[in-house]
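K.L.:
First the structure, then my questions, so here it is.
The values are calculated or read from the model by the stated rules, or taken from the named source; none is laboratory data. The model shown is predicted, which means the values in this text are computed figures rather than measured ones. No Cβ is skipped: glycine too gets one built from the backbone with ideal geometry, and neighbour counts run over all protein chains shown. All accessible areas refer to the heavy atoms of the entire protein, side chains included, with ligands and DNA or RNA removed. Shrake-Rupley method; radii C 1.70, N 1.55, O 1.52, S 1.80 Å.
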Amino acid sequence: MLRLSQYLRLIDATEPIPAPRQPKGPVVIWNLIRRCNLACKHCYSISADIDFPGELTTQEVYAVMDDLKDYGVPVLILSGGEPLLRDDIYEIAKHARDMGFFTALSSNGTLIDAEHARKIAGIGFEYVGISLDGIGAVHDKFRGKQGAYENALAAIRLLKKRDVKTGLRFTLTEHNRDHFVPVIDLARDEGIDKFYLSHLNYGGRGNRNRKDDVVHKATREAVTYLIERAFEDIQQGRNVDYVSGNNDADGVFLLFWVRKHFPEQASKIEAALKGWGGNGSGKTVANIDNLGDVHPDTFWWQYSLGNVKDRPFSEIWSDTSNALMAGLKQESRPLKGRCGACQYKDICGGNARIRPYQLTGDPWAEDPACYLDDAEIGVETNTARIEVRPYDRKQDPHWKKSSNQL
């Protein structure tokens with residue numbers, strides 16, 4: 001995730017650039033339940049409104065938490081499916097808070113009524129993220145349920161009344177790009193603390209619908225607008241955080257924007273972005289799914305590194321005998337094509353490796369969603385392009401064959 005506002009605030013800052021935080025363990029996004037009351041087009045877990053067998057029990061969750069804490073994991077993001085459908089969600093959340101984890105909740109918002117809002121505030125979640133992919137019927141269509149928009153908006157207002165730090169997530173596609181600005185306006189009107197632009201990623205239903213990904217020109221326009229809106233809010237004293245995720249080329253694009261508008265500050269911003277380092281899959285971000293399988297991030301949902309019922313998370317995450325994890329953890333990943341030749345690998349980290357993997361079976365091929373042109377990244381125009389070829393998952397020993405598949 002790229003914290004745009006954090007870097008834009010450095011433009012007028014006089015103090016030295018803070019050293020990048022390097023916690024021992026990764027941020028863990030934990031899909032505690034796969035059941036969901038919605039059927040979102042871009043769902044990476046391909047959830048459904050049914051019970052899935054084999055999910056971790058409360059005591060198994062607590063045992064994993066002990067290992068995560070010992071390993072130095074600083075943050076738990078409790079997700080689903082819809083996490084509020086899990087009967088013990090508040091017990092789990094309280095346990096996480098009592099253990100000292102920064103604990104966040106990722107919800108679709110439709111189930112958050114006054115009682116849930118009271119419980120969420122009582123737990124003391126540091127952050128609650130709610131998805132909103134358009135205004136009114138556009139959001140409802142994305143989420144597969146009429147009334148989802150009104151329910152999510154009501155949830156946001158209930159949480160804000162209780163001073164719960166709340167953010168909006170917006171996944172940009174060709175079908176909702178006209179609602180991008182209105183949703184940002186809504187976030188400002190509602191006093192939202194964070195706005196998260198999520199680029200469409202090729203995992204789960206996002207993979208099935210990759211034809212809906214916005215064209216590169218539209219992506220550039222959206223990121224430009226987000227940067228300018230974030231900078232405007234900073235200048236006007238609004239304490240809102242704008243972030244983006246799932247396309248780490250945004251960090252390079254931010255540097256280009258700073259070079260154009262504040263060239264005297266560009267070297268400072270570039271140094272800060274290099275400290276960030278871009279894509280954190282397999283390094284600073286991890287995922288545990290509802291069955292206990294561990295993944296390099298949430299979009300690698302069907303690629304299992306191992307299961308916490310069989311081995312501790314700490315052992316699975318540290319194991320570089322897996323070729324994918326070995327490559328992801330390298331300071332300089334073994335990238336190919338445009339990504340391998342790019343002059344800004346130290347900023348974006350090679351971007352999301354799931355996209356080329358889904359297209360070709362090769363996680364080190366160039367990322368097809370990079371919207372920067374050859375001249376911008378110092379790549380010759382005759383650099384070999386990604387080869388799209390059939391990918392046989394049956395030959396992949398890590399591709400999950402479990403009840404997580406629909």
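K.L.:
Among Thr166, Thr171, which is modelled with pLDDT under 95 and under 17 Å from Phe195 (Cβ atoms)?
P.N.:
Thr171
K.L.:
Give me the residue from the range 103-137 that is of a type in the set (A, V, I, L, M) and open to solvent by 50 Å² or more (accessible area, probe 1.4 Å) and, out of that set, farthest from Val28 (Cα to Cα).
P.N.:
Among those that are of a type in the set (A, V, I, L, M) and open to solvent by 50 Å² or more (accessible area, probe 1.4 Å), it is Ala137.
K.L.:
Confirm whether Leu372 is touching a residue at least 60 places away in the same chain (Cβ under 8 Å) and of a type outside the set (Lys, Arg).
P.N.:
For Leu372, the condition - touching a residue at least 60 places away in the same chain (Cβ under 8 Å) and of a type outside the set (Lys, Arg) - is met.
To keep it simple, each residue is scored yes or no on (1) under 23 Å from the mean Cα position of the chain (by Cα); (2) closer than 26 Å to Asn239 by Cβ.
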| position | (1), (2) |
| --- | --- |
| Leu132 | yes, yes |
| Val138 | yes, no |
| Ala148 | yes, no |
| Ile156 | yes, yes |
| Lys161 | no, yes |
| Thr166 | yes, yes |
| Thr171 | yes, yes |
| Arg177 | yes, no |
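K.L.:
Can you tell me which residues in the range 346-364 are farther than 15 Å from Pro296 by Cβ, of a type in the set (A, V, I, L, M) and open to solvent by less than 10 Å² (accessible area, probe 1.4 Å)?
P.N.:
Ile347
K.L.:
Also: Scan the range 79-104 for residues that are on the phi > 0 side of the Ramachandran plot and either at pLDDT 95 or above or hydrophobic (A, V, I, L, M, F, W, C) (or both) and report the count.
P.N.:
Here the count works out to 1.
K.L.:
Please verify whether the range 310-322 includes one or more residues that are open to solvent by less than 40 Å² (accessible area, probe 1.4 Å), touching a Gly at 6+ places or on another chain (Cβ under 9 Å) and free of Cβ contacts under 8 Å to residues at least 24 places away in the same chain. Step through it out loud before you land on a result.
P.N.:
The initial filter retains those residues of the range 310-322 that are open to solvent by less than 40 Å² (accessible area, probe 1.4 Å), namely 313-314, 316-317, 322.
Filter once more, so that each one left must be touching a Gly at 6+ places or on another chain (Cβ under 9 Å): 313-314, 316-317, 322.
Filter once more, so that each one left must be free of Cβ contacts under 8 Å to residues at least 24 places away in the same chain: 316.
Checked against the condition, which is being open to solvent by less than 40 Å² (accessible area, probe 1.4 Å), touching a Gly at 6+ places or on another chain (Cβ under 9 Å) and free of Cβ contacts under 8 Å to residues at least 24 places away in the same chain, the range 310-322 yields at least one hit.
K.L.:
Moving on. Enumerate the pairs (first residue in the range 3-29 and touching a residue at least 40 places away in the same chain (Cβ under 8 Å); second residue anywhere and among the basic types (Lys, Arg) and surrounded by 11 or more Cβ atoms within 10 Å (Cβ to Cβ)) with beta-carbon separation below 7 Å, excluding pairs fewer than 6 apart on the same chain, so at least 6 apart or on different chains.
P.N.:
Filtered contacts from the range 3-29: Leu10/Lys268; Ile17/Lys268; Pro26/Lys283.
K.L.:
Leu85: open to solvent by 50 Å² or more (accessible area, probe 1.4 Å) and among the hydrophobic types (A, V, I, L, M, F, W, C), yes or no?
P.N.:
Spelling it out, Leu85 is indeed open to solvent by 50 Å² or more (accessible area, probe 1.4 Å) and among the hydrophobic types (A, V, I, L, M, F, W, C).
K.L.:
Quick one: what pairs do we get from the range 50-68, first residue open to solvent by 30 Å² or more (accessible area, probe 1.4 Å), second among the aliphatic types (A, V, I, L, M), C-beta under 6 Å, 6+ apart or different chains?
P.N.:
What qualifies is Gly54/Leu291.
K.L.:
State whether one or more residues within the range 115-125 are among the aromatic types (Phe, Trp, Tyr) and either on the phi > 0 side of the Ramachandran plot or part of a helix (DSSP H, G or I) (or both).
P.N.:
Initially, the range 115-125 is screened for residues among the aromatic types (Phe, Trp, Tyr), giving 125.
Remaining after also requiring either on the phi > 0 side of the Ramachandran plot or part of a helix (DSSP H, G or I) (or both): none.
Looking through the range 115-125, none of the residues is among the aromatic types (Phe, Trp, Tyr) and either on the phi > 0 side of the Ramachandran plot or part of a helix (DSSP H, G or I) (or both).
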